[in-house]
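Written below as structure tokens is the structure these notes are about.
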Amino acid sequence: MINLLRRSRPLFLLIAALTYGLGASVANYLGEPLRVDAFWLGFIGVSMAQLSMNLLTDVFRPPNEPIIPGETFVERRSLRNNALYVSIAALAAVALAAFVLFQNGRLSSLSMLLFGLSIFVVLVHAIPPLRLLDRGFGEFLQAAHLAYVVPAIAFLLQVQQYHRLLALVTIPLTAIAFAYFIVLDFPAFAADQKYERRTLLTLLGWQKAIPFHHALLITAYFLFAAAPFLGFSLQILWPVFITLPFAIFQILTLNNIASGGPANWTLLTVNALAVFGLTAYLLAMIFWLR
């Protein structure tokens, strides 16, 4: 049970809760009253979708890759089967939440499409024959699901129509999330090569992945800075630039490692998480409090 809990990746579930709150906060900023029933049903739906996404990664892991260090065959089979059962139950919960929302008239055609997109991303991310996780697309799918799909569902369950402010918030946040998942590849690079995992890092190589990571972060902050050109005052979004020094540190640290400097992976991954998580938190607080 402890192993199953760990493999459910509670951190990603917490991030999903944070970005879901962000989507609802954008609706609040636009003057929409909170629909409590839609909010909590949607929260259950996206949480279960993210849980299934996390667990299915291990259910269909190739036999040559251990799920937990030093596992026996019996332990692996038990963990895989339990993860599969929980994943199926979680997807059923997503469908049930969507059905109740539909019955209550809270599910617009666009929000229904987003729920469908969420399930689609979960399935193609981990399930063969596509299993895009093993084709170098896992980082992008995780980032897109957490930073774009989840907040979009929260927003559309409240507003029921798209708004350009949502795009202004979620697109740069997705770029920051993508950079975070690329950073997570670096500490596991040797193991990924050993087991021939096709992560984005092993696919591109250090020489290309690092400039790509930098470009994602730089693009994200340029998009935030471009808010006035999209009809929004920079006074709304200025707090996100509090995380800019952390992003610069992240870029400089990776450059130092690429140049042969010492690698403090714990510091790097915690910093990358701070850039992503703190940006999402600041955005949510901005829109809830204004």
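Every number in this text was worked out from the coordinates using simple rules, so none of it is lab data. Small disclaimer: the values here were computed from a predicted structure and weren't measured. Glycine also receives a Cβ, built like all others from the backbone with ideal geometry; neighbour counts cover every protein chain displayed.
Some notes on this structure:
- Here region 28-100 is treated with +1 on each Lys and Arg Cβ and -1 on each Asp and Glu Cβ, and its dipole about the Cα centre works out to around 160 debye.
- Within the chain, the selection of entire DSSP H helices by a Cα span of 18 Å or greater along the long axis and an average Kyte-Doolittle value of at least -1.0 returns 10-29, 36-59, 73-103, 109-126, 164-185, 206-225, 244-258, 265-289.
- Counted charge near R197, where neighbours are those whose Cβ lies closer than 11 Å (Asp, Glu -1; Lys, Arg +1): -1
- Overall Cα dimensions of the chain, principal axis frame, Å, largest first: 54, 47, 29
- Look at the dipole of the chain built from charges on Cβ: of V149, L84, V46, the Cα furthest out on the positive end belongs to L84.
- Sorting the segments 190-197, 213-220, 105-112, 252-259 by their mean number of nearby beta carbons within 10 angstrom, highest to lowest, gives 213-220, 105-112, 252-259, 190-197.
- Taking the fewest neighbouring Cβ atoms within 10 Å as the starting point, the ordered list for L141, L223 is L223, L141.
- Our estimate of slack between R164 and L113, defined as 0.36 nm per intervening residue step minus the Cα-Cα distance, is 16.6 nm.
- For the chain, a simple Cβ point-charge model (Lys and Arg +1, Asp and Glu -1, everything else neutral) yields a dipole of about 180 debye relative to the Cα centre.
- Among I251, I242, sorting on how many other beta-carbon atoms sit within 10 Å of each Cβ, with the fewest leading, yields I242, I251.
- Taking the helices alone, the chain has a mean residue ellipticity at 222 nm of -24000 deg cm²/dmol, built from -39,500 (n - 2.57) per DSSP H run of at least 4 residues and averaged over all its residues.
- Förster-model FRET efficiency, 25 Å R0, Y85 and L267, C-beta, rounded to 0.05: 0.10
- Neighbour net charge for S8 - beta-carbon separation under 14 angstrom, K R +1, D E -1: +3
- Across region 129-137, computed HN-Hα scalar couplings (Karplus, 6.51 cos²θ - 1.76 cosθ + 1.60, θ = phi - 60°) run x, 6, 5, 5, 4, 8, 10, x, 10 Hz from first to last residue, x flagging Gly and Pro.
- Between region 236-257 and region 115-173, the alpha-carbon center distance in angstrom: 24
- Using C-alpha pairs under 8 Å with a sequence gap of at least 6, the mean separation divided by the residue count of region 1-144 gives a relative contact order of 27 percent.
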